[in-house]
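The structure appears below as structure tokens.
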Amino acid sequence: MTRQTIAVVGAGLAGLRAAERLLDAGAQVTLLEKSRGPGGRCATRRSPVGPFDHGAGAFRARTPAFQAAVAAAATQGLLHAAPAGQRLLDLDPGPSDAPAWRGAPFMNAWPQALRERLVGRGLRLLTEATVRGLRRESTGWLLELAEEPARAALGDTRFDAVLLAVPAEQAVPLLQPHDPAQAALLAACRSEACITLMAAWSDPQPGGPHLLRPAEGPLALAFRQDAFDTGAADLAPTRWTAHARADWSLAAIDTPPEALLAPMLHALRDALGEAAPGGAPTHAAVHRWRYAQLLQAAAAPCGWSAALGLGSCGDGWLGSSEAAMPLDGLERAWLSAGALVDRVLGG
Ligand SMILES: Cc1cc2nc3c(=O)[nH]c(=O)nc-3n(C[C@H](O)[C@H](O)[C@H](O)COP(=O)(O)OP(=O)(O)OC[C@H]3O[C@@H](n4cnc5c(N)ncnc54)[C@H](O)[C@@H]3O)c2cc1C
């Protein structure tokens, strides 16, 4: 293969995996990420009272390829499985008995370690670099970036190929002007919104549940974040992460986060009943995920136009309803990125 120059847009698990496979193949890779760090929805929010896993909380590995990747990351201490026979965040192991996995100690440990390893191998990573448009010229692809510092860093680099590893809804407008057929596949995808509360109390809260799945009210799931602490000092001893139901979240998605604090705290207290921590929280924040988890992903493993050098991957793909067991979002993201790079290298 001639040394290809490739842009990967989005540094979630899919973008990091695509970048890794491309570096393995000898490509020159630039990874562009709109936020300050990698991980995407495999996310951990740092706070003065300790970290909160405010995106994916756990995942399963059902295919041999992803199981191998997860086992390798576990060997490096970046992931850990639920102890045998136990459930982690109430993920049902299902008939395949796939255990639930978590980042160790927190969810973004794996993407952070991948980032460091890839940068060490020559990856050019640009953060706070939002790709808002793609331009195709005879000499290659040019990326239009929103932020001036990233624009200056990128210069007029031209790329042989652009791989989009962003949520389906955000890939569509970038694909549409160039490859309407690929855009149409992702336009059929639908993601659920999710409003997430991160709240901490300075008093220890002994006993009580560590996990809630309330049958009614705004919350779908809440868990004691401090259950995953590894003894670091200065962490608030009682920390809850709570995710609202999809319908409640969608109705609230354009409400300012400050205005969502009171109803989310109220919902958590209601769900906990007598086990609710007393007094005001020492820390509380809300994150609004407009696109959290896919309701329906495209059936194909990825999108790729060899003629254009334009592709897409991520959890918007590999949603085949014929699969015996639907794959979790993180596994779809990982596998889809591998499938796309196979297509890119295959020409
Ligand atoms: C609250 C919540 C709970 C979840 N629970 C689970 C779970 O239990 N199990 C599970 O497996 N999955 C779960 N998921 C889903 C899982 O997190 C995703 O499926 C997975 O992280 C998707 O990875 P990705 O790389 O495809 O996309 P992402 O992680 O979204 O990465 C895309 C990246 O692209 C960046 N980006 C977007 N647009 C641009 C642009 N224009 N320019 C530059 N960068 C851009 C984003 O900032 C992001 O970093 C959950 C998600 C949320 C939010």
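The values are calculated or read from the model by the stated rules, or taken from the named source; none is laboratory data. This structure is a prediction, so every number in the text was calculated from the model and none was measured. With ideal geometry, Cβ positions are generated from the backbone for all residues, glycine too; neighbour counts draw on all protein chains shown. Heads up: the accessible areas ignore ligands, DNA and RNA and are worked out on the full protein's heavy atoms, side chains in. Shrake-Rupley method; radii C 1.70, N 1.55, O 1.52, S 1.80 Å.
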Exercise. In this structure, is residue 294 among the aliphatic types (A, V, I, L, M) and within 12 Å of the ligand (Cβ to nearest atom)?
Worked result: yes
For this session: Provide a single number: the residues in the range 121-143 that are outside any loop (DSSP other than H, G, I, E, B), open to solvent by less than 70 Å² (accessible area, probe 1.4 Å) and more than 12 Å from the ligand (Cβ to nearest atom).
Result: 4
Exercise. Looking only at the range 285-312, which residues are open to solvent by less than 40 Å² (accessible area, probe 1.4 Å) and hydroxyl-bearing (Ser, Thr, Tyr)?
Worked result: 305, 312
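Per-residue answers, yes or no, for (1) assigned by TED's automatic domain parsing to the domain that holds residue 138; (2) within 13 Å of the ligand (Cβ to nearest atom); (3) not acidic (Asp, Glu):
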residue: 243; (1), (2), (3): no, yes, yes
residue: 251; (1), (2), (3): no, no, yes
residue: 274; (1), (2), (3): no, no, no
residue: 278; (1), (2), (3): no, no, yes
residue: 332; (1), (2), (3): yes, yes, yes
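Take the residues in the range 297-330 that are away from the ligand (no atom under 14 Å from the Cβ) and among the polar types (S, T, N, Q), then tell me which one is nearest to residue 25 (Cα to Cα).
The first filter runs over the range 297-330 and keeps only residues away from the ligand (no atom under 14 Å from the Cβ), leaving 299-300, 304-310, 320-324.
Now restrict to residues that are among the polar types (S, T, N, Q): 305, 320-321.
Values: 305: 19, 320: 28, 321: 32 Å.
My answer is 305.
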Exercise. Does the range 56-67 contain at least one residue that is of a type outside the set (A, V, I, L, M, F, W, C) and open to solvent by less than 20 Å² (accessible area, probe 1.4 Å)?
Worked result: yes
Seminar exercise, completed: Restricting attention to the range 53-66, the residues that are at pLDDT 95 or above and more than 14 Å from the chain's Cα centre (by Cα) number exactly 2
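What number of residues within the range 1-49 are among the acidic types (Asp, Glu) and open to solvent by less than 30 Å² (accessible area, probe 1.4 Å)?
Number satisfying all stated conditions: 2.
Among the residues in the range 291-314, are any part of a loop (DSSP other than H, G, I, E, B) and among the hydroxyl-bearing types (Ser, Thr, Tyr)?
Checking the range 291-314: not a single residue is part of a loop (DSSP other than H, G, I, E, B) and among the hydroxyl-bearing types (Ser, Thr, Tyr).
Every residue, every condition in (1) crowded, with 19+ Cβ neighbours inside 10 Å; (2) among the aliphatic types (A, V, I, L, M), yes or no:
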| site | (1), (2) |
| --- | --- |
| 230 | no, no |
| 234 | no, no |
| 237 | no, no |
| 243 | yes, no |
| 250 | no, yes |
| 255 | no, no |
| 264 | yes, yes |
| 268 | yes, yes |
| 283 | no, no |
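Per-residue answers, yes or no, for (1) within 30 Å of residue 257 (Cα to Cα); (2) open to solvent by 20 Å² or more (accessible area, probe 1.4 Å); (3) among the hydrophobic types (A, V, I, L, M, F, W, C):
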site: 153; (1), (2), (3): no, yes, yes
site: 164; (1), (2), (3): yes, no, yes
site: 170; (1), (2), (3): yes, yes, no
site: 181; (1), (2), (3): no, yes, yes
site: 185; (1), (2), (3): no, yes, yes
site: 188; (1), (2), (3): yes, yes, yes
site: 192; (1), (2), (3): yes, yes, no
site: 195; (1), (2), (3): yes, no, yes
